[in-house]
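Since the structure comes first, as structure tokens, the remarks are kept for the end.
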Amino acid sequence: MNTRKAAFLVISEIENKKNINADILMEKYHQRLKDPKDRKLFVELVHGVLRFKNLLDYYINFVATKGIKDKKILNILRVATYELIFLDKIPEYATVSEACNLAESVNRHQKGFVNAVLRNMIRRKDEIEKALERIKETNLKDFLSIKLSYPKFLIEYLEQSYGLDKTIRILEFLNTKPLQSVKINTKKISREEFLKKLEAYGYEYDLPELNSEIVYILSGNIKESDLYKEGYFYFQDLASSLIVKWNRNDFENAKSVLDLCAAPGGKTFNCAEVTKGFVVSCDVNRSKVDLLRENLLRLGFDNVIPAECDATVLNEDFIGKFDIVIADLPCTGFGTIRKKPDIKWNKTHEDIESLHELQVRMLDNAAKYVKNGGIIFYSTCTLGHRENEDTVSSFVERHEDFSVVYQKTIFPDEYQCDGFFIAKLKKEGKVGV
Ligand SMILES: C[S@@+](CC[C@H](N)C(=O)[O-])C[C@H]1O[C@@H](n2cnc3c(N)ncnc32)[C@H](O)[C@@H]1O
């Protein structure tokens with residue numbers, strides 16, 4: 001399959017369906033491309049266009065002043081514009097010619113139009129950039145929304161939480177490409193041995209500061225290696241590994257842990273590695289629970305009980321049973337925009353509010369599952385006060401027997417990882433009573 005065709009088809013599909021899983025869709029097309037170079041270009045183009053959609057549209061609309069109604073033609077132009085602005089190894093003539101051929105295959109009358117738009121854009125590049133600078137002088141938020149390519153509501157929402165300068169630093173970082181991050185499975189292999197194996201297999205790697213068991217793989221597809229099959233590691237972002245890392249004592253001593261929304265399983269695995277007790281690992285999605293089961297076998301954890309369970313429905317069997325409840329709840333996921341840039345365009349202000357309400361409801365159940373003296377770790381992979389600090393304060397207002405031990409935002413620009421939020425909530429009373 002043609003790489004650019006795969007890219008514009010995926011982008012069009014993601015744009016048409018709000019709740020589509022972009023990763024699964026990309027994987028489908030990824031497999032149809034055989035050459036690793038094509039696969040790399042495909043990911044670069046899809047993520048690049050989703051990352052910088054507003055900026056690309058600004059360039060396109062500058063020259064195509066009447067706008068473009070045909071969505072497929074628009075997406076062919078976005079892919080080509082991304083190449084022209086960001087990819088200096090592809091000659092301009094090749095980009096234009098590929099885009100014209102694709103346009104012809106979609107609608108043969110549009111080939112000339114696509115050619116004219118792209119040639120015009122190349123010729124007027126300086127003029128377009130100067131006009132963008134003028135927007136910066138007159139309306140900073142409009143400029144940021146175009147240049148950094150985020151919906152304006154999101155810029156304003158994060159500004160309310162963290163101020164404008166911090167918001168800009170966060171949004172700039174979330175536009176960078178993520179590194180492949182893996183957590184060493186210390187149940188199966190020591191850190192030293194794992195790093196030796198990486199070297200023997202020829203993988204380049206880097207080590208972040210906050211967790212010595214997280215490794216950034218800089219080259220190659222490690223999922224296809226024997227190291228994966230052997231269960232020596234699992235994929236996990238640094239931020240997500242910090243709950244267990246920073247509270248290791250609590251997890252080591254817990255006899256029973258409930259992971260309320262567990263799939264794909266990162267925190268369950270962290271916990272299974274250190275606890276002497278057992279982990280009940282729930283998710284509402286059956287296929288995700290099946291996948292979790294497969295990973296538990298691969299990783300060799302025998303202290304985890306996976307279960308299909310809805311966290312919004314009170315489970316009588318869980319009441320008062322757990323020393324720790326991990327409530328890593330559904331959220332808008334703004335902290336993961338590096339890996340899932342489609343989140344920029346498919347989440348709304350209403351989603352923030354409805355997810356906040358869902359989180360409060362799920363925490364109400366979590367409160368009943370934890371023993372006296374036990375702990376709830378509430379976390380999200382999103383940024384902004386409504387789903388983080390506000391959810392915590394709604395929770396403690398409703399549950400006076402809980403206190404906030406600490407709450408912390410992991411800012412992505414400071415730690416070079418996903419944006420994340422952790423709150424440690426302790427239930428009063430003697431432990432285990
Ligand atoms: C943020 S992810 C959890 C990530 C996981 N804790 C980890 O570390 O890998 C949220 C999960 O919540 C699950 N979920 C959504 N609604 C749920 C519900 N009502 N009950 C249980 N799980 C739910 C989703 O299927 C998704 O896997």
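Brief remarks on what is shown
- Restricting the first member to region 217-229 and to residues that are under 13 Å from Phe194 (Cα atoms), and the second to residues that are among the β-branched types (Val, Ile, Thr), the beta-carbon pairs closer than 8 Å and six or more apart or on different chains are Ile217/Val182; Ile222/Val182; Tyr228/Ile222.
- Hey, Asp226 acidic (Asp, Glu) and either within 16 Å of the ligand (Cβ to nearest atom) or within 28 Å of Thr312 (Cα to Cα) (or both) or not: no
- Verdict on Gly419 being among the small types (Gly, Ala, Ser) and surrounded by fewer than 17 Cβ atoms within 10 Å (Cβ to Cβ): no
- Scope region 58-91; condition touching a helix residue (DSSP H, G or I) at 6+ places or on another chain (Cβ under 8 Å), without any contact (Cβ under 8 Å) to a residue 24 or more places away in the chain, in a loop (DSSP other than H, G, I, E, B) and within 14 Å of Val117 (Cβ to Cβ); matching residues: Gly67, Ile68
- Any hit, region 337-350, residues being under 13 Å from the mean Cα position of the chain (by Cα), within 14 Å of the ligand (Cβ to nearest atom), crowded, with 24+ Cβ neighbours inside 10 Å and on the phi < 0 side of the Ramachandran plot: no
- When region 283-319 is filtered for residues that are surrounded by fewer than 20 Cβ atoms within 10 Å (Cβ to Cβ) and touching a Gly at 6+ places or on another chain (Cβ under 9 Å), the ones remaining, listed by number, are Lys288, Leu291, Leu297, Arg298, Gly300, Asn303.
- Annotation note: of Leu45, Leu55, Leu41, Leu25, the sole residue that is part of a helix (DSSP H, G or I), modelled with pLDDT under 90, in the same structural domain as Ile122 (by TED's automatic domain parsing) and within 24 Å of the chain's Cα centre (by Cα) is Leu25.
- Within region 308-332, the residues that satisfy the criterion of being within 24 Å of the chain's Cα centre (by Cα) and within 11 Å of the ligand (Cβ to nearest atom) are Glu308, Cys309, Asp310, Ala311, Thr312, Ile326, Ala327, Asp328, Leu329, Pro330, Cys331, Thr332.
- Pairs where the first residue, in region 301-325, is assigned by TED's automatic domain parsing to the domain that holds Asn365 and the second is part of a strand (DSSP E or B) and hydroxyl-bearing (Ser, Thr, Tyr), C-beta under 8 Å, 6+ apart: Val304/Ser281; Ile305/Ser281; Pro306/Ser281; Ala307/Ser281; Lys321/Ser256; Phe322/Ser256; Asp323/Ser256; Ile324/Ser256
- Considering only residues in region 417-431 that are part of a loop (DSSP other than H, G, I, E, B) and modelled with pLDDT of 95 or more, the one that is nearest to the chain's Cα centre (by Cα) turns out to be Asp418.
- Ser354, sole failed condition from (1) among the hydroxyl-bearing types (Ser, Thr, Tyr); (2) closer than 22 Å to Leu25 by Cα; (3) part of a helix (DSSP H, G or I); (4) more than 10 Å from the ligand (Cβ to nearest atom): (2)
- Qualifying residue in region 284-305 (condition: within 14 Å of the ligand (Cβ to nearest atom), at pLDDT 95 or above and part of a strand (DSSP E or B)): yes
- Residue within region 371-390 that is small (Gly, Ala, Ser), surrounded by 14 or more Cβ atoms within 10 Å (Cβ to Cβ) and away from the ligand (no atom under 16 Å from the Cβ) present: yes
- Selected residue (only one of Ile243, Ile189, Ile170 is among the β-branched types (Val, Ile, Thr), part of a loop (DSSP other than H, G, I, E, B) and in contact with a Phe, Trp or Tyr (Cβ under 9 Å, 6 or more places away or on another chain)): Ile189
- Residue that is surrounded by the fewest Cβ atoms within 10 Å (Cβ to Cβ) [pool: residues in region 239-282 that are among the basic types (Lys, Arg) and more than 15 Å from the ligand (Cβ to nearest atom)]: Lys276
- Taking every residue in region 372-389 that is under 15 Å from Phe411 (Cβ atoms) and pairing it with any residue that is of a type in the set (Val, Ile, Thr) and assigned to a loop (DSSP other than H, G, I, E, B), at least 6 positions away or on another chain, the pairs with Cβ-Cβ distances below 6 Å are Thr382/Thr332.
- Here is the figure for region 302-326: residues that are more than 16 Å from Asn270 (Cβ to Cβ) and of a type in the set (S, T, N, Q) total 2.
- There is at least one residue in region 353-364 that is touching a Leu at 6+ places or on another chain (Cβ under 7 Å), modelled with pLDDT of 95 or more, buried (at least 18 other Cβ atoms within 10 Å of the Cβ) and not aliphatic (A, V, I, L, M).
- Residue within region 105-123 that is farther than 19 Å from Phe62 by Cα, without any contact (Cβ under 8 Å) to a residue 60 or more places away in the chain, touching a strand residue (DSSP E or B) at 6+ places or on another chain (Cβ under 7 Å) and surrounded by 16 or more Cβ atoms within 10 Å (Cβ to Cβ) present: no
Residues checked against (1) in contact with a helix residue (DSSP H, G or I) (Cβ under 6 Å, 6 or more places away or on another chain); (2) farther than 30 Å from Pro151 by Cβ:
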| position | (1), (2) |
| --- | --- |
| Lys188 | no, yes |
| Leu195 | no, yes |
| Ala200 | no, yes |
| Tyr216 | no, no |
| Asn221 | no, yes |
| Asn247 | no, yes |
| Cys271 | yes, yes |
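The values are calculated or read from the model by the stated rules, or taken from the named source; none is laboratory data. Quick caveat, the model's predicted, so the values are computed rather than measured. Because the Cβ atoms are built from the backbone with ideal geometry, glycine has one as well, and the counts that use them run over all protein chains shown.
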